[in-house]
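Undergrad: Before anything else, here's the structure in question.
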Amino acid sequence: MMVDNRLVLVQNSAMKQAKAMTVRLSEEQAQALEMVASVENRPVSDIIRAAITTHIETRRRDPSFQAGLKDRISQARKLLDR
């Protein structure tokens, strides 16, 4: 198994000030997630954090998402300027 040290550093620094969250999964999703964690011999929470990190990084590189984000920031600025 290959470990991305950057991801480990991000997760470790984030865990110092961790925020607990609740996620509701379908039974099928929960079973699949538990199977992945079991095969990779990692805690389910690690698999979830890695998936979230990957999703966020993908969004950061997505031009369409970035355009939407800039639009939201522009809207927020307009509301603050009122």
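The values are calculated or read from the model by the stated rules, or taken from the named source; none is laboratory data. Since the model is a prediction, treat every value here as computed from it, not as a measurement. Please note that ligands, DNA and RNA were not included when accessible areas were found on the heavy atoms of the full protein model with its side chains. Shrake-Rupley method; radii C 1.70, N 1.55, O 1.52, S 1.80 Å.
Undergrad: What number comes out for accessible area per residue over region 27-81 if the probe is 1.4 Å? Units Å², please.
TA: 83
Undergrad: Still on this structure, please answer the following. Ignoring ligands, DNA and RNA, what percent of the 1.4 Å accessible area of region 27-81 is carbon and sulfur?
TA: Here carbon and sulfur together make up 56 percent of the probe-accessible area.
Undergrad: May I ask you to compute the full-extension gain from SER74 to ILE56, defined as 0.36 nm times their residue separation minus their alpha-carbon distance, rounded to one decimal in nm?
TA: Full-extension gain reported as 4.4 nm.
Undergrad: Straight-line reach only, C-alpha to C-alpha below 22 angstrom: list the lysines that LYS70 could link to, leaving out same-chain residues fewer than 8 apart.
TA: Within reach: LYS78.
Undergrad: Still on this model: Just tell me which aspartates and glutamates come within less than 16 Å, Cα to Cα, of LYS16; anything on the same chain fewer than 8 places away is out.
TA: Those aspartates and glutamates meeting the cut-off are ASP46.
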